[in-house]
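Taking it in order: structure first as structure tokens, then the write-up.
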Amino acid sequence: DGGITQSPKYLFRKEGQNVTLSCEQNLNHDAMYWYRQDPGQGLRLIYYSQIVNDFQKGDIAEGYSVSREKKESFPLTVTSAQKNPTAFYLCASSIWHGETQYFGPGTRLLVL
Amino acid sequence: AQSVTQPDIHITVSEGASLELRCNYSYGATPYLFWYVQSPGQGLQLLLKYFSGDTLVQGIKGFEAEFKRSQSSFNLRKPSVHWSDAAEYFCAGETGANNLFFGTGTRLTVIP
């Protein structure tokens, strides 16, 4: 059963802590993306990767980091530098950059 | 600047009534255009997309959208709404190798 999985569904972060959100896809897609969703603001692009071992900043990359060591995986780390991390985070992939994007179920990050 | 605008934040329709959700785009060239639907706490599901060719696009769940270059619009329509269509709807656009730009969404409420 092909698709995109994100874990965990809910994640809690303490002050000063880094947390990592997982995104895995078995669609054999080259490109992967991370978006942040806040109420009333739609989706904003954090980072994207067109191919393994390569990634670029999106519109709101400050306070976030990513890696792309494997084609299937694109984890997002929310660092302590991100002062307002509470949001819904969505991962997406496409067969290549510029093609139709398909989304995972999302991770909701809350700050304790 | 590239942008997509959804002028309606919230729309309420009666079950069985017709639906039209508005989307306007601002791009230098004709963009690729998409409609996604999001149920509460879930990821985004692709309803339909327009790349080129026939300006009337059919999608899943009985939805269709019409691309009108003269009005810079890509409105989503459904002839008869079902209670299960209640969700948030996002219009998005991109121009080839550039990234996807999302509108701020329209929340649809369906009343019996």
field: Residues that are within 14 Å of chain A (Cβ to nearest Cβ), open to solvent by 60 Å² or more (accessible area, probe 1.4 Å) and outside any loop (DSSP other than H, G, I, E, B), drawn from region B:47-62
entry: B:K49, B:I60
query: Which of (1) assigned to a strand (DSSP E or B); (2) within 26 Å of B:P31 (Cα to Cα); (3) within 12 Å of chain B (Cβ to nearest Cβ) is the odd one out, the single condition A:T100 does not satisfy?
result: (1)
message: If a residue must be open to solvent by less than 50 Å² (accessible area, probe 1.4 Å) and under 14 Å from the mean Cα position of the chain (by Cα), how many such residues does region A:39-55 contain?
response: 6
field: Residue, nearest to B:P40 (Cα to Cα), within region A:66-85, restricted to residues that are open to solvent by 50 Å² or more (accessible area, probe 1.4 Å) and at pLDDT 95 or above
entry: A:E72
message: Among the residues in region B:5-22, are any open to solvent by less than 20 Å² (accessible area, probe 1.4 Å), in contact (Cβ under 8 Å) with a residue 24 or more places away in the chain, of a type outside the set (S, T, N, Q) and closer than 24 Å to A:Y89 by Cα?
response: no
field: Scan of region A:8-26 for residues that are open to solvent by 50 Å² or more (accessible area, probe 1.4 Å) and either at positive phi or within 13 Å of chain B (Cβ to nearest Cβ) (or both), ordered by number
entry: A:K9, A:Y10, A:G16
query: Of the residues A:P105, A:P85, which is within 12 Å of chain B (Cβ to nearest Cβ), more than 25 Å from B:T95 (Cβ to Cβ) and outside any strand (DSSP E or B)?
result: A:P105
- prompt: Out of the residues in region B:79-112 that are part of a loop (DSSP other than H, G, I, E, B), hydrophobic (A, V, I, L, M, F, W, C) and within 10 Å of chain A (Cβ to nearest Cβ), which is most open to solvent (accessible area, probe 1.4 Å)?
  reply: B:A97
task: Looking at (1) loosely packed, with under 15 Cβ neighbours inside 10 Å; (2) among the small types (G, A, S); (3) farther than 22 Å from A:R36 by Cβ, find the lone condition where B:A65 falls short.
output: (1)
message: Kindly evaluate A:F88 against the criterion of being more than 11 Å from the chain's Cα centre (by Cα) and among the aromatic types (F, W, Y).
response: no
message: Quick check on my filter: what residues within region B:1-46 are assigned to a loop (DSSP other than H, G, I, E, B) and of a type in the set (G, A, S)?
response: B:A1, B:G16, B:A17, B:S18, B:G28, B:A29, B:S39, B:G41, B:G43
field: Qualifying residue in region A:48-67 (condition: of a type in the set (D, E, K, R), within 12 Å of chain B (Cβ to nearest Cβ), over 15 Å from A:T107 (Cα atoms) and not in a loop (DSSP other than H, G, I, E, B))
entry: yes
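The values are calculated or read from the model by the stated rules, or taken from the named source; none is laboratory data. All of these numbers come straight from a predicted model, not from anything done at the bench. Positions of Cβ are generated from backbone atoms using ideal geometry, with glycine treated the same way; all protein chains shown enter the neighbour counts. These area figures cover heavy atoms from the full protein model, side chains too; ligands, DNA and RNA do not enter into them. Shrake-Rupley method; radii C 1.70, N 1.55, O 1.52, S 1.80 Å.
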